[in-house]
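Here the structure comes first, spelled out in structure tokens, and everything after it is commentary.
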Amino acid sequence: MKKKLKIKQILALLTIFILVSIIITGILTLRLVGNKVNRETRQRTYYMAKLLASEIDLFQTQVSQSLRSLLSAYLEKKMSLKSTANLLPFFESIYILNREGLVEDLFPYEKERLGIDFSGRPFFREVIRNGTLPYSEAFIELDLSTGSDALVSPLTGNPTFPVAMMSKGKMIVGFFDLSYLADTFSAIINLGMGELIVTDSSGTAVVHSDPSVVQERRNLKNLLPIEKGLDRSEGTYIYSLQGKEMIGSVALALKPSWVVLLQQTKEKAFELQRAVGLTLFFGILSIAAIVFSLGYGSAHRLGRSLDGLARMVEVLKAGKPNSLTPIKTFSREIEDLSNDFSEMAYAVQLREEKLQEKETYLRTIFDSVQTGVLIIDAETHIIREANPVAVKMIGLEKEQIVGSLCQRFVCPAEKNKCPVTDLGQCVDNSERILLRASGDRISIIKTVVPIELGGRRHLLESFMDITKLKEAEEALKKSEEKYRDIFENVSDFWYLHDLKGFFVETNMAFKEDYGFGREEIRHMNIKDLLPERYQDKFDDYLKEVMEKERAQGLMLVVTKDGRERTVEYKNSLVRDGNGKIIGVRGSARDITDLIQTQMALKKA
């Protein structure tokens, strides 16, 4: 009964130890997963801010180039100011000035504004002083000390930003309508990534979800991320705004030096982190409950088994072997079973036949276990017993196994370097190697438990063949490598691009045939591959694939070294599990050589 209590106590302590280990592991996992989701949220927000800054740079470059083209057409008298200005809706008004700063022409045309003197405006002085712009295509930063009138339209008084350049003694000034910029990025503001704020180099709002902030020319330089951006620092910051914790990512638009901030409440930003945390938390609770139930059930079954054994010992000591009732047990406590039967043998002495029956009963249990089991002398490392499963896995007759050193089969370690007895290691469900008689090495999961038999220390080793599991893992790895190799080396171009035309993934054939590196392709738009004369047709392609959910045809593309190639493409929309459109996938084949061959045949 004392042994039964001792084992129950050990099981209880073991259960508590496992529960504590699960809880500690769960806490560490929650922390690690939380930190990972935190990092990914910060990176995703920062990446979006950088993308918006790049879009602003691109947009501003296009605006400056449009104004330069307008001035060139005007000077060459190819088109009137009115006819060309109508094509540039982002300018609220456009003025043609002479070298003295006097208005010579304007759009919208108002006769009374002819002759107005702009020579005192900062942008005029900046262009005259430098002869040309300080940099090729840029917005000119104004001296805010001149007053807010320098940042409003002379026509309507609305918030604007002047873009100016000079050629052949004439200066063109376009007052860019900031509300147009806000409208352009309104879709981005509503993406669910947070609130978009853009300020100029002084911290004055240029784009804001609240139009009144831009209308009133509010300065936001006291907002922490804006302050960081004005110091030319990019990154993601956590700060407080109106009593709420916020997370904001700052990126810089280079032309001009504008600050782009994408911010949202910390609560909303880390919704995913909380959801993952709750899922893990309840998962850990469930595992703990299962462990507790298993531990309690094991203790209960073992207690019943030990009660039965104790009753058998008492019956044998009383000399009533005919009253013995066989018990059914699922316990593998060979040590206690052997000790109990030793006590029975000592008590009954001459009742050898009954003891033999019990030994046969134990042998049945030992031989029926569906895992390999060896009993090894802890001092000599000689195998004392092996069950049929162990014999079959080793591949020798039992007589050839028993009496051999364990290093020959289950523990290929050097002499005096046994992991358990010499090095003090714990082997519990550990992956090890079993050496078969044929010389093959198979992977096993092994557990070693120290026991005592006949007054000597032994090791009870149980192990299970996991060769098929390892083979399955290797087959899966090879399958993944195989299909990745097919994707990367197929002769056709395979690709996936987003809804704006930016590549998400392409195969190696595309990168090698057209001369672009992996990093170049990752940031490239399909439109960039088209000859400049066809780039304005790209939006028609995007419209077609969105309306028809697929598109196919021929496309002329330019390689990195300037060669023009004709490809035949077939593309279709990609949706996620909820049916939401997430991109376009397709394949293309270079048919340039085929077309040239056909043309040569026709000429022949």
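Only the coordinates and a few stated rules stand behind these numbers; no lab work does. Just so we're clear, the structure is a prediction, and the values are computed from it rather than from any experiment. Cβ sites come from the backbone with ideal geometry, for glycine too, and all protein chains shown count toward neighbours.
Evaluate E = 1/(1 + (r/R0)^6) for GLU100 and GLU544, where r is the Cβ-Cβ distance and R0 equals 60 Å; express this FRET efficiency to the nearest 0.05.
That gives a FRET efficiency of 0.70.
Measuring from a point 7 Å past the Cα of GLN535 along Cα-to-C-beta, which residues in the range 165-180 have an amide N at less than 11 Å? Output list for this probe position: empty.
Given a cut-off of 26 Å, name the pairs among LYS477/LYS527; LYS168/LYS527; LYS170/LYS537; LYS36/LYS268; LYS170/LYS500 whose C-alpha atoms lie farther apart than that in the structure shown. Those over the limit are LYS477/LYS527; LYS168/LYS527; LYS170/LYS537; LYS170/LYS500. Phi angles across the range 523-537 convert, under the Karplus curve 6.51 cos²θ - 1.76 cosθ + 1.60 with θ = phi - 60°, into 3J(HN,Hα) values of 10, 9, 9, 4, 4, 5, 7, 7, x, 4, 6, 10, 5, 6, 8 Hz, Gly and Pro given as x.
Each other residue within a Cβ distance under 15 Å of THR592 adds +1 if Lys or Arg and -1 if Asp or Glu, for a net charge of -4.
Residues whose amide H falls under 5 Å from that of SER404, counting only those 5 or more places apart or on a different chain, are ILE383, with hydrogens built in the peptide plane.
Between beta-carbons, use under 13 Å as the cut-off and find the net charge around GLY395, counting Lys and Arg +1, Asp and Glu -1.
Overall, the nearby charge balance is +2.
Under 5 Å between amide hydrogens, built in the peptide plane, is the criterion, and for ARG218 it picks out ALA205 among residues at least 5 positions away or on other chains. Rounded to the nearest Hz, the phi-derived 3J(HN,Hα) couplings of the range 542-551 under the Karplus curve 6.51 cos²θ - 1.76 cosθ + 1.60 (θ = phi - 60°) are 4, 5, 5, 5, 6, 6, 9, 6, 7, 7, where x marks glycine and proline. When each of the peptides 209-220, 544-555 is scored by the mean number of other C-beta atoms lying within 10 Å of its residues, the order from highest to lowest reads 209-220, 544-555. Using the Karplus relation 6.51 cos²θ - 1.76 cosθ + 1.60 with θ = phi - 60°, the per-residue 3J(HN,Hα) values for the range 433-445 come to 10, 10, 9, 7, 4, 6, x, 5, 10, 10, 7, 9, 9 Hz, with x marking Gly and Pro.
Of the trypsin sites (Lys or Arg not before Pro) found in the range 222-263, those in coil by DSSP whose Cβ has at most 15 other Cβ atoms within 10 Å are ARG232.
Zone of ILE591 (label point 7 Å along Cα→Cβ, backbone N under 19 Å): which residues in the range 545-562? Within reach of a label on ILE591, which here means backbone N under 19 Å from a point 7 Å along Cα→Cβ, the range 545-562 contributes 545, 550-559.
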